[in-house]
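The values are calculated or read from the model by the stated rules, or taken from the named source; none is laboratory data. No experiment lies behind these values; they were computed from the predicted model shown. These accessible areas exclude ligands, DNA and RNA; they are computed on the full protein's heavy atoms, side chains included. Shrake-Rupley method; radii C 1.70, N 1.55, O 1.52, S 1.80 Å.
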Amino acid sequence: MDLSGWEILCLLLAVVGWLGSILPALPGLPLSLAALIGYGIVTDFAVIGTGTLLLAGLLTLVNYFVGYLLGARLARRFGQVEVPAWGIFIASILGSMVMGPIGLLAAPILVVLARALVVGAGLQRGILSALAVAGSMLVEVMMEWLVATWILILLLRAIF
């Protein structure tokens with residue numbers, strides 16, 4: 001089977017998007033969705049239709065919306081200590097560099113816990129805040145991975 005350059009590019013983009021669904025430095029779902037849209041355009045939407053593209057776009061939006069709402073809801077529920085989103089993002093990246101995959105989750109937890117202690121919120125509130133952050137991160141990553149995996153499987157089935 002001869003693959004065109006566009007098919008290879010879409011497939012590589014989908015694989016990078018799939019990896020980005022679990023690595024914080026890569027925008028997973030946007031890359032996966034771009035690969036699916038690109039493949040649709042290349043094939044004039046003959047293989048992957050507009051309905052599938054709309055569903056993938058909707059699932060991408062729902063993923064980010066639910067992830068954001070879940071994080072905010074858990075934060076309110078457990079009295080989360082305010083930590084800027086960029087702080088958690090940087091902690092995830094640095095944590096993964098220093099501690100490997102476990103650092104993706106451990107570093108943000110440590111940052112939230114440290115912030116609670118610095119601002120005088122107490123250890124109990126810090127632990128609850130850290131658990132809220134960890135829970136919302138795990139759910140969002142799992143949802144993103146599932147959608148990115150679905151998109152990758154769609155492209156693999158369409159191309160091969």
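Give the angle, between 0 and 90 degrees and rounded to the nearest 10, that separates the Cα long axis of helix 50-78 from the longest principal axis of the Cα atoms of the chain.
In the chain, helix 50-78 runs at an angle near 0 degrees to the longest axis.
Using Cα atoms only, what is the angle between the long axis of helix 85-99 and the major principal axis of the chain, expressed in degrees (0 to 90) to the nearest 10?
Taking the Cα atoms of the chain, the angle to 85-99 is about 80 degrees.
Mind sorting out which of [x] 59, 46, 30; [y] 75, 34, 22; [z] 62, 31, 19 is the real Cα extents along the principal axes in Å computed from the coordinates?
Entry [z].
Most fluctuating residue of 41, 109, 88 in a GNM of the chain with Cα springs under 10 Å: which is it?
The residue with the greatest mean-square fluctuation here is 41.
For the chain, with a Gaussian network of springs between Cα atoms less than 10 Å apart, report the residue from 42, 16, 119 with the top mean-square fluctuation.
119
Under the Karplus relation 6.51 cos²θ - 1.76 cosθ + 1.60, θ = phi - 60°, what is the ordered set of whole-Hz ³J(HN,Hα) values for the stretch 126-136, x standing for Gly and Pro?
Listing the rounded values in order: x, 5, 4, 5, 5, 5, 5, 5, 4, x, 5 Hz.
Determine the order of 136, 96 by accessible area, beginning with the largest, at a probe radius of 1.4 Å.
The residues order as 96, 136, largest area first.
Karplus couplings for the stretch 143-160 from phi (6.51 cos²θ - 1.76 cosθ + 1.60, θ = phi - 60°), rounded to Hz, Gly and Pro as x?
5, 5, 5, 4, 5, 5, 5, 4, 5, 4, 5, 4, 5, 4, 5, 6, 7, 9
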